[in-house]
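The values are calculated or read from the model by the stated rules, or taken from the named source; none is laboratory data. A quick note: this is a predicted structure, and the numbers were derived from the prediction, not measured. Backbone-built Cβ (ideal geometry, glycine too); neighbour counts: all protein chains shown. When the accessible area is computed, the model is the full protein with side chains, heavy atoms only, and any ligands, DNA or RNA have been set aside. Shrake-Rupley method; radii C 1.70, N 1.55, O 1.52, S 1.80 Å.
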Amino acid sequence: MAIISTTNADQWADKKKSTLKMVGEYFDLCIRICLVVFCANFVGRLFNGIIEYFVNEKYYLPENKLSTICERVYTYNTKTKIFALTLALSGFARFGFTGNVANLLPNSVYFACMPLYWIFTWSQVTHSPLDYAEWIREPHGLDYAAGMASNYFHGYLKIALPEHNGDGLKKRMQIYEDTHQVTFGINRLIILIPDNMFVKGVIESPLLEQVAPLETRFINRAGVNRPFKHAVYRLTQSINGKIYYFAIEGATPMLSFFDAMNSQTSTTKQMREMKREIWLKFAKHLRELIKGWPETEDEVEMIVYDSRKDVGKVIYAHFLNKTSLK
């Protein structure tokens, strides 16, 4: 029985040793492949940099063309840096275990496969429409949605709403209340952002009735004395015996985007596919801009909603939700 047990123990030890050897060889193979991929990526970036320098030079200023191209070409994102650091530490750990760095270095056969990486990169094997969606969601500010939100904020809301010479939004709403003997339900400008991105010139709902607008504010903008107007609507249904008024308008950039999507001269497949991503990113970025600027954070009430719902009911429910009125 002792001889049989010893034999089984030896077999188990040999099997364990063989398994560890296979795992080690697999780990070495992974390190070699990763090193080749990084080398192929480095060479590919160098090629792209050469193309930029000689073909796309118009996009750079002459005095810093080379430094800008090098920075763009060889700047790695955080995930890549973490992966490279993990790979380096793993390699050092493996080298310390084996004591032979030659086992980790790829040979000419591996480097001969580098063109496969370039072919995969050129053919965009990993690319899918999801990449567009993920890129739009990122907070870089370079996408269509963030651009529209930024222009809307800096070119309109940041100018028309804050108090400057006694004619800010809240001051005009107060004058309106005193003049017409009415009460605004929300002491802010309501901006409608429906998911279909379309708001009519006159907002239609059985619960809303358009009345006289707020006093027009004139502001010099780029040499033009531009009028800034805000429409006013009142509820047709009283709440506790009282009719409430609201300053309401649709988000005009979204309407412009809607027009662009429905124009043969400007629409693209990607715009139509990513319209919901753009809608949500626009609303998110606009909210961040409004809340991030002290002069506008209390001037706007954004309502992002399902366009299948009646807009009057949406505003009515939103108002009740923000107050203690029932």
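Between Asn56 and Arg308, what FRET efficiency comes out of the Förster formula 1/(1 + (r/R0)^6) with R0 = 45 Å and r the beta carbon distance, rounded to 0.05?
The pair Arg308/Asn56 has a calculated efficiency of 0.45.
Need the full-extension length gain, His154 to Thr268, defined as separation in residues times 0.36 nm minus the C-alpha distance. One decimal, nm.
Contour length minus the Cα-Cα distance gives 38.3 nm.
Which entry in [x] -0.26, -0.95, -1.11; [y] -0.32, -0.97, -1.09; [z] -0.54, -1.06, -1.16 is this structure's computed log10 I(q)/I(0) by the Debye sum over Cα atoms at q = 0.07, 0.13, 0.14 Å⁻¹?
Checking each listed value against the structure points to [z].
Say the dipole of the stretch 187-262 comes from +1 at the beta carbon of Lys and Arg and -1 at that of Asp and Glu; which of Leu207, Asn187, Thr236 then lies farthest toward its positive end?
Asn187
For Gln210, what is the net charge nearby, where nearby means another residue's Cβ is under 13 Å from its Cβ and Lys, Arg count +1, Asp, Glu -1?
0
Indicate the gyration tensor shape class of the stretch 8-99 (rounded, prolate or oblate), computed on the Cα atoms with a ≥ b ≥ c the square roots of the eigenvalues: a/c under 1.5 is rounded; otherwise a/b larger than b/c is prolate and the rest oblate.
Because a/c hits 1.5 or more and a/b exceeds b/c, the stretch 8-99 counts as prolate.
For the residue pair Lys21 and Arg226, what label-to-label distance in nm results when each label sits 7 Å from Cα along the Cα-to-beta-carbon direction?
Here the answer is 7.6 nm between the modelled labels.
Counting only C-alpha contacts under 8 Å and six or more residues apart, can you give the relative contact order of the chain as a whole percent?
Averaging sequence separation for qualifying contacts and normalising by length gives 18 percent for the chain.
Probe of 1.4 angstrom, ligands and nucleic acids ignored: what's the accessible area per residue over the chain, in square angstrom?
The answer is 64 Å² per residue.
Assuming 0.36 nm per residue, please report the length gained on full extension of the stretch Ile175 to Ile239 beyond their Cα-Cα distance.
Here the answer is 20.8 nm.
For the chain, with all protein chains present and a 1.4 Å probe, just round the carbon and sulfur fraction of the accessible area to a whole percent.
Result for the chain: 60 percent of the exposed heavy-atom area is carbon or sulfur.
Nothing charged except the Cβ atoms of Lys and Arg (+1) and of Asp and Glu (-1): what's the magnitude of the dipole of the stretch 1-65 about its Cα centre? Round to the nearest 20 debye.
So the magnitude is around 140 debye.
Tell me the label-point distance for the pair Glu163, Ala13, using the 7 Å Cα-to-Cβ offset, in nm and rounded to one decimal.
Once both label points are built, they end up 8.7 nm from each other.
Treating only the Cβ atoms of Lys and Arg (+1) and Asp and Glu (-1) as charged, compute the dipole magnitude of the chain about its Cα centre; round to the nearest 20 debye.
360
Treating only the Cβ of Lys, Arg, Asp and Glu as charged (+1, +1, -1, -1), what charge dipole size does the stretch 228-326 show about its Cα centre? Round to the nearest 20 debye.
420
For the ranges 26-32, 227-233, 58-64, 156-162, what's the packing order if you count other beta-carbon atoms within 10 Å of each residue, average per peptide, and put the highest first?
Going by the mean number of other Cβ atoms within 10 Å, highest first, we get 156-162, 227-233, 26-32, 58-64.
Work from the charge dipole of the chain (Cβ charges, +1 for Lys and Arg, -1 for Asp and Glu, about the Cα centre) and give the residue of Gly168, Ser128, Val224 farthest towards its positive end.
Sorting the options by dipole projection puts first Ser128.
Please build a GNM for the chain, connecting alpha carbons under 10 Å apart, and tell me which residue among Glu71, Glu163, Glu138 fluctuates the most.
Glu71
Where does the chain land at 222 nm, in deg cm²/dmol rounded to the nearest 500, when only DSSP H runs of n ≥ 4 count, each adding -39500 (n - 2.57), divided by all residues?
The helix-only estimate for the chain comes to -17000 deg cm²/dmol at 222 nm.
Lys and Arg at +1, Asp and Glu at -1: add these up for the other residues within a Cβ distance under 13 Å of Glu177 and post the number.
Local charge sum for Glu177: +3.
According to a simple spin-label model (label point 7 Å from Cα along Cα-to-Cβ), what is the distance in nm between Asn196 and Tyr74?
5.4
Would you look at the GNM of the chain, springs on alpha carbons closer than 10 Å, and say which of Pro139, Pro129, Pro106 moves the most?
Per the Cα network of the chain with a 10 Å cutoff, Pro106 tops the list.
Given a 10 angstrom Cα cut-off, can you work out which residue in Lys17, Lys281, Lys309 is the most mobile in a GNM of the chain?
Lys17
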